[in-house]
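One structure is given below, encoded as structure tokens.
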Amino acid sequence: MMKTAEHARAGVRHLLDPLTPEEIEAACRILKQDRGLAASARFVYVTLREPAKNAVLRYQRGEAFEREAHIVLRERAECRTYEAVVSITAGEVRLWRELPGVQPAVMLEEFLATEAAVRKDARWQEAMRRRGVTDFDMVMIDPWSVGYHGPEDAAGQGRFLRPLTWVRHGDPDDNGYARGGPSSPPGTCGSPRITPTSGSRPGNTPTSTPAGTACRPGPRLTARWKTPTWCSGTRSPLTTSCARKTGR
């Protein structure tokens with residue numbers, strides 16, 4: 001393991017240097033072997049676990065130092081999120097624990113899977129055709145996290161994305177964000193699927209929900225003041241809140 005650690009640390013000159021590609025590979029390999037991770041596990045973050053400040057202040061150029069990786073992992077089959085600390089130097093796992101109720105960041109794989117699921121959905125295609133859009137190559141699909149609005153959005157329920165649809169006109173390089181279209185979100189721990197959504201006119205913000213929930217109104221812009229409004233009413237501008245606190 002020492003040879004592996006030395007190879008992974010090649011090119012590392014300071015204990016605060018970011019992890020090298022070799023160190024990232026080594027950390028993932030150590031964790032996979034130690035925990036027997038299944039193919040459904042996904043590494044969301046693999047970053048340097050920085051040493052204590054005292055160790056940094058005492059460090060002298062040329063001294064040996066330990067390298068550790070902090071890892072956040074999503075186990076898709078379990079709908080669970082885990083955190084780990086791996087010593088690349090010692091070749092061992094120092095910490096492994098579940099993070100209940102935590103959703104890690106959306107991964108590139110999920111962005112791509114969401115777009116593919118939406119594009120092949122017959123309901124989405126029909127909604128686009130009703131609005132005069134037949135060239136789907138001119139359509140942009142922009143997945144966003146739905147956020148957390150209640151227990152139905154809990155991490156254990158799955159991964160939920162809200163893909164917004166935008167349409168380019170006339171030119172593949174056109175600003176697609178200038179024109180909106182209908183959309184619907186996938187929501188599942190494993191393979192993406194489309195779940196029900198309310199219709200919307202092109203140019204409006206589509207409203208969508210995860211599976212098994214009632215439709216929740218999304219934010220919309222009023223025609224006159226462009227003020228975001230929600231089902232609970234208009235949100236106060238930040239300047240108003242500041243004015244209340246400062247007395248201005």
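The values are calculated or read from the model by the stated rules, or taken from the named source; none is laboratory data. Keep in mind it's a predicted model, so treat the numbers as computed, not measured. Here Cβ is always computed from backbone atoms with ideal geometry, including for glycine, and neighbour counts include all displayed protein chains.
Of note:
- Residue, surrounded by the most Cβ atoms within 10 Å (Cβ to Cβ), within region 130-149, restricted to residues that are of a type outside the set (A, V, I, L, M) and within 16 Å of His169 (Cβ to Cβ): Arg131
- Hits in region 57-70 (condition: among the hydrophobic types (A, V, I, L, M, F, W, C) and farther than 18 Å from Ile88 by Cα): Leu57
- Out of Ser145, Ser191, Ser184, sole residue that is modelled with pLDDT of 85 or more, closer than 30 Å to Thr81 by Cβ, hydroxyl-bearing (Ser, Thr, Tyr) and not assigned by TED's automatic domain parsing to the domain that holds Tyr82: Ser145
- Only residues that are assigned to a helix (DSSP H, G or I), modelled with pLDDT under 95 and among the hydrophobic types (A, V, I, L, M, F, W, C) were counted in region 1-54, giving 3.
- Applying a threshold of 7 Å to beta carbon distances and a minimum spacing of six or more residues, or different chains, the list of pairs starting in region 1-26 at a residue that is of a type in the set (Lys, Arg) and surrounded by 16 or more Cβ atoms within 10 Å (Cβ to Cβ) and ending at one that is in a helix (DSSP H, G or I) and modelled with pLDDT of 95 or more reads Arg9/Glu23.
- Set Pro172, Pro100: member being more than 30 Å from Glu23 (Cα to Cα), surrounded by fewer than 11 Cβ atoms within 10 Å (Cβ to Cβ) and out of contact with any Pro (no Cβ under 6 Å at 6 or more places or on another chain): Pro172
- Scanning region 116-158 for residues that are assigned to a helix (DSSP H, G or I), over 27 Å from Leu73 (Cβ atoms) and among the small types (Gly, Ala, Ser) yields Ala122, Ala127.
- Number of the condition not met by Asn54 [criteria: (1) more than 28 Å from Ala155 (Cβ to Cβ); (2) buried (at least 16 other Cβ atoms within 10 Å of the Cβ)]: (2)
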